[in-house]
Each structure stands twice: as C-alpha cells, then as structure tokens.
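The values are calculated or read from the model by the stated rules, or taken from the named source; none is laboratory data. Keep in mind that this is a model prediction, so the values were computed, not measured. Using ideal geometry, Cβ is built from the backbone for each residue, glycine included, and neighbour counts are taken over all protein chains shown.
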Amino acid sequence: MIAITEEAVVERLRRVQDPELHRSIVDLGMVRGVEIRDGRVRVDVRLTVQGCPLTHRIEREVREAVAGLEGVAGPEAVDVHLGVMDREELARLSATVRGGAAGAPVPPSPFATGALATRILIVASGKGGVGKSTVAANLGAALAARGRSVGLLDADIYGFSVPRIVGLREVPRVITDGVIIPPEAAGMKVMSMGSLVEERQPVIWRGPMLSKLLAQFLGEVQWGEPDYLVVDAPPGTGDVAISLQGQLPKGAILLVTTPQELATSVAARVSAMAARTGQRVLGVVENMAYLQCPHCGERTRVFAGEGGAVLARELGVPVLARLPILPELAEMADAGRPAVLAGGDSEAARAFDSLAAAVDALEW
Ligand code: ADP
C-alpha cells in the first residue's frame with residue numbers, strides 16, 4: 001500500500017484553479033487543510049463568498065485531482081468540505097491577487113505591461129454618434145461567436161451605452177478589496193461605468209477620478225487572459241481618451257467613422273495621438289456607409305462623402321469594413337432588446353462577422 005502524504009495532496013491541488021480568479025486554489029490560500037486517515041482524504045476548501053456560483057465546479061475538480069493520486073481509492077475516498085473565507089483570509093487573498101501590495105493604490109494592469117498574449121483593440125472615433133459603441137460591442141460579440149474569448153471594456157465613461165447594447169443585467173462582484181469579477185453578457189466579460197451608476201444619471205466625475213477608475217477597470221478586474229480585450233474608447237482625442245491610451249500602450253486602434261465625416265482633421269488628430277502613445281492604427285471601419293434594399297439588394301448611399309476611404313488613405317491603413325445602415329439596430333434599441341447581432345443570419349450579423357474575420361486575420 002502506498003502512503004499518501006499531505007504534500008502530495010497539496011501538489012495535486014495546485015492544478016485546481018479558481019475559475020474566476022484564474023489561479024491555483026493553493027496559491028490563493030483557499031486550501032485550509034488536508035487530513036489523511038485510513039485511506040481517506042479530507043480537504044477543507046474556503047470559498048471567497050457564500051453560495052459561490054461555481055461551488056460545484058470547484059468541489060468536483062478538487063475531488064478529481066485528489067482521486068488521481070496514487071494510493072487514493074477513487075473519488076469516493078475524498079471528502080471535500082466547503083467553507084467561506086474570513087476577513088483575514090480575504091485580505092491575504094487580496095494581497096496575493098494584487099501582487100503582494102495589500103492596500104496599495106491600484107495594481108498595475110497586466111494589459112499595460114505586454115505580459116499577456118491578449119490582443120487589445122481600442123475602438124475609437126473622431127466624435128460621438130458615429131456608431132463606435134455599436135461597432136465595439138458587436139465586433140466583440142462576433143469575435144466571441146467565432147470562439148475567441150473576449151473582454152469588453154466600456155471606457156466611454158460619459159456616454160456609456162454598452163450595457164444596453166449587450167443586454168447586461170448582472171453587476172460586477174467585488175470579492176474583496178480590489179478584486180472584481182466582471183459580469184458576462186453576449187459571450188463576453190463586460191465592464192462598464194453603466195454598471196456602477198443608475199441609468200440616466202449624469203456622470204460628474206472629472207479627469208483624475210476617471211483615470212483612476214479606468215486604472216481599476218484594467219488592474220483590479222479579473223479579466224484573465226482573453227484572446228481579445230475590446231475597448232470602447234471615449235470619443236475624440238480629449239483627456240480621457242489620452243489617459244486611456246496611455247494606460248494601454250500595447251493597444252491597437254480601430255477607427256470608426258461615417259462617410260460624411262471630415263476625415264482629414266480626424267486623421268491628423270488621431271495620428272498625433274497615436275504618435276504620442278506609440279500605438280498602431282489597425283484600420284478604419286466606415287459605418288452607415290450605405291442602405292441595402294431588402295428586396296433587390298441594391299445599395300444606396302445615403303450620406304455623401306468618402307470619409308472612410310479618405311481617413312484610411314491619410315493614415316496609410318486599410319478600410320476593414322464598410323457597414324450598412326442597419327434599421328434593426330434602431331428597432332432593437334427601441335424595443336429594449338440587446339442590439340448584439342452575433343450568430344444570427346441577418347445582413348447585420350454577417351457584416352459584423354466579416355469585420356471580426358478581418359480583424360482576426362490581421363498580423364499583430
Ligand atoms: P457612438 O458610440 O459613436 O456615440 P453609438 O454606437 O452609440 O455611437 O450609435 C449612435 C446611434 O446610432 C445609436 O442609436 C445606434 O443604434 C445607431 N447606429 C449605430 N450604427 C448604426 C448602423 N450601422 N445602422 C443604424 N443605426 C446605427
């Protein structure tokens with residue numbers, strides 16, 4: 001008979017990750033104790049919150065990990081006891097997750113350092129109302145529908161519309177000081193200022209507070225390492241936009257414009273900003289480029305101008321998509337339904353899917 005040791009059990013438990021914090025439950029201090037008696041193994045696990053939605057998954061993974069150990073008769077020989085962390089344990093967990101800096105201001109964002117393989121897509125525009133949020137949310141959802149893992153960060157702090165577009169109902173969960181779990185909608189993890197304030201309430205925060213809020217959204221939210229972080233940037237090239245770009249030096253910019261926009265001045269401002277932050281401009285999306293007849297398929301240009309093409313030429317980047325005017329978007333918004341179109345078989349869903357394919361095919 002092979003003797004089971006506590007160390008061997010703990011070693012096995014290292015493989016079990018907390019599904020929200022994406023770290024080993026051993027490193028997170030969630031394994032409170034291991035007891036071995038008469039061939040049975042008892043493991044005490046402390047969860048971060050009572051009624052944690054992922055309790056069953058953690059319990060099953062702990063049981064399977066230990067059952068695989070030589071000398072353990074099988075899953076029936078493993079007793080998993082679940083409890084909840086006390087304040088001290090939560091404080092230690094906070095320090096671990098935040099990089100050993102308990103009570104420190106805001107930990108550095110892993111997205112800022114380039115330590116992650118995540119592609120950071122900053123969806124920007126010269127001004128408001130061109131469909132930037134619509135494109136960011138639907139592009140994110142289309143990437144998710146293609147099997148990519150996606151985080152969607154709504155950094156359009158004054159004009160947040162992402163929660164409504166993606167049908168976000170849950171709010172973020174604060175596990176402990178500075179450890180925030182983002183809610184999910186449309187297949188993405190989503191963080192928005194809109195989750196933190198009542199709808200229709202004006203956001204009165206200014207410069208430094210907004211920068212700090214963005215830093216928290218990037219440094220304290222447990223995004224994991226998604227394939228994409230899609231960021232709905234504030235419109236224009238003002239302070240909040242610059243602060244955001246500064247916090248995401250590895251981000252690449254996707255510019256949304258309409259045919260009639262004065263592309264030359266947008267191009268000049270965006271290039272100046274990109275030069276300052278060292279970010280690359282990936283390409284241009286021309287939104288509301290035409291209206292397609294649902295019967296004959298004929299395309300009518302509603303707005304005059306060549307905004308997308310001129311902007312792309314001046315910046316030396318490709319036009320990645322020309323999106324039609326999609327009456328569905330307005331109808332869905334009026335009906336209070338999420339206007340994410342991924343996966344459907346409409347003209348709109350296809351338009352966003354081909355944009356997602358174009359983005360996915362880019363060399364990064
Ligand atoms: P921005 O983020 O640039 O301010 P939004 O994404 O909030 O713009 O879009 C502004 C309005 O235009 C919204 O009501 C949205 O539903 C609508 N819209 C955006 N793109 C389209 C489109 N291609 N067809 C029809 N309506 C659109």
**Asked** Of all residues in the range 61-70 being surrounded by fewer than 17 Cβ atoms within 10 Å (Cβ to Cβ) and in contact with a strand residue (DSSP E or B) (Cβ under 9 Å, 6 or more places away or on another chain), which is farthest from residue 21 (Cα to Cα)?
**Response** 67
**Fill in**
Inside the range 150-179, the number of residues satisfying the requirement of being under 19 Å from residue 109 (Cα atoms) and touching a helix residue (DSSP H, G or I) at 6+ places or on another chain (Cβ under 9 Å) is 14
**Item:** Among (1) within 16 Å of the ligand (Cβ to nearest atom); (2) touching an Asp or Glu at 6+ places or on another chain (Cβ under 7 Å) - the single one residue 240 does not satisfy
**Value:** (2)
**Asked** Name the residues in the range 276-310 that are of a type in the set (Lys, Arg) and either at pLDDT 90 or above or closer than 30 Å to residue 113 by Cα (or both), would you?
**Response** 276, 280
**Prompt:** Among the residues of the range 318-335, which ones are without any contact (Cβ under 8 Å) to a residue 60 or more places away in the chain and either more than 16 Å from the ligand (Cβ to nearest atom) or in a loop (DSSP other than H, G, I, E, B) (or both)?
**Reply:** 318, 324, 325, 326, 335
**Request:** Return only the number of the condition from (1) outside the structural domain of residue 261 (by TED's automatic domain parsing); (2) surrounded by 24 or more Cβ atoms within 10 Å (Cβ to Cβ) that residue 136 does not satisfy.
**Result:** (1)
**Prompt:** Does any residue of the range 278-294 turn out to be buried (at least 19 other Cβ atoms within 10 Å of the Cβ), on the phi > 0 side of the Ramachandran plot and within 13 Å of the ligand (Cβ to nearest atom)?
**Reply:** yes
**Prompt:** Name the residues in the range 344-358 that are exposed (fewer than 15 other Cβ atoms within 10 Å of the Cβ) and either part of a loop (DSSP other than H, G, I, E, B) or in contact with a Pro (Cβ under 9 Å, 6 or more places away or on another chain) (or both), would you?
**Reply:** 344, 345, 346
**Request:** Need at least 1 residues that are within 16 Å of the ligand (Cβ to nearest atom) per element, so show me which strands (runs of 3 or more DSSP E) inside the range 67-170 make the cut, counting only ones lying wholly within it.
**Result:** 119-125, 150-154
**Prompt:** Can you name the condition, by its number, that residue 20 falls short on among (1) touching a helix residue (DSSP H, G or I) at 6+ places or on another chain (Cβ under 7 Å); (2) modelled with pLDDT under 95?
**Reply:** (1)
**Item:** Count of the range 1-54 residues which are part of a strand (DSSP E or B) and among the charged types (D, E, K, R)
**Value:** 9
